[in-house]
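Asker: I'd like to ask some things about the structure below.
The values are calculated or read from the model by the stated rules, or taken from the named source; none is laboratory data. As the structure is a prediction and not an experimental result, all values here were calculated from the model. So basically every Cβ, Gly included, is an ideal-geometry build from the backbone, and we count neighbours across all protein chains shown.
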Amino acid sequence: MMKRLVPALLVLLLFAAISQAAKCGYDSCPDSESWIGQRADTKVIHLVAHTHDDVGWLKTVDQYYYGTKSYIQRASVRLIIDSVVSALASHPHRKFTYVEMEFFSKWWALQQNETRALVHRLVRDGQLHFVLAGVSMADEAAVNYDDSINQLTWGANYLKVTSTRSLILT
């Protein structure tokens, strides 16, 4: 039981320490000595909220997207994207990094113009970032370079040729 509590307690302590620190933005952070003190052993830790939603690892793309077959793995990427967009809209200081264009393109195709405009605003305001823009977050250690290039090219082209063009170009 105690072994299970230790990681959770460490995370809580980390968040408590971060909340006590002076404001440190996504784009820059003051020199640690100016807000923590003169201790040489002080570590500055940056937490980056991001996706790593597996595209077809244990379930099909649709099963991950809609959250079916939860007995295999509990995941509903559609709900993740919905909640991220909602949370960013409600909290202008929050930031999020999105990776997998396979899921985002599926989600985007089902959105109303109002939601699309909101996503454009979140990107414009620097709250939502797209990185890699590939079909999925590749396992670079195990993939052939042709496959890696192809999936990154597909994702980048998706953002360029759809109405999401300004998302990648901002």
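Asker: Could you please let me know if residue 97 is among the polar types (S, T, N, Q), surrounded by 12 or more Cβ atoms within 10 Å (Cβ to Cβ) and touching a strand residue (DSSP E or B) at 6+ places or on another chain (Cβ under 9 Å)?
Answerer: For residue 97, the condition - among the polar types (S, T, N, Q), surrounded by 12 or more Cβ atoms within 10 Å (Cβ to Cβ) and touching a strand residue (DSSP E or B) at 6+ places or on another chain (Cβ under 9 Å) - is met.
Asker: Turning to a different aspect of this structure: Quick one: is residue 127 farther than 29 Å from residue 89 by Cα and not β-branched (Val, Ile, Thr)?
Answerer: No, not satisfied.
Asker: Step by step: first the residues of segment 40-96, then only those that are polar (S, T, N, Q) and assigned to a loop (DSSP other than H, G, I, E, B), then the one that is farthest from residue 128 (Cα to Cα). Which residue is that?
Answerer: The qualifying residue farthest from residue 128 (Cα to Cα) is 42.
Asker: To continue, here is another question. For residue 139, indicate whether it is assigned to a loop (DSSP other than H, G, I, E, B) and either exposed (fewer than 12 other Cβ atoms within 10 Å of the Cβ) or modelled with pLDDT of 95 or more (or both).
Answerer: Here the answer is yes, as residue 139 does meet what is asked.
Asker: Has segment 70-88 got at least one residue that is more than 18 Å from the chain's Cα centre (by Cα) and polar (S, T, N, Q)? Full working, then the answer.
Answerer: Here is the first cut: in segment 70-88, the residues more than 18 Å from the chain's Cα centre (by Cα) are 70-73.
From what is left, the residues that are polar (S, T, N, Q) are 70, 73.
Checking segment 70-88: at least one residue is more than 18 Å from the chain's Cα centre (by Cα) and polar (S, T, N, Q).
Asker: Being under 22 Å from residue 62 (Cα atoms) and modelled with pLDDT of 80 or more is the requirement here; does residue 127 meet it?
Answerer: no
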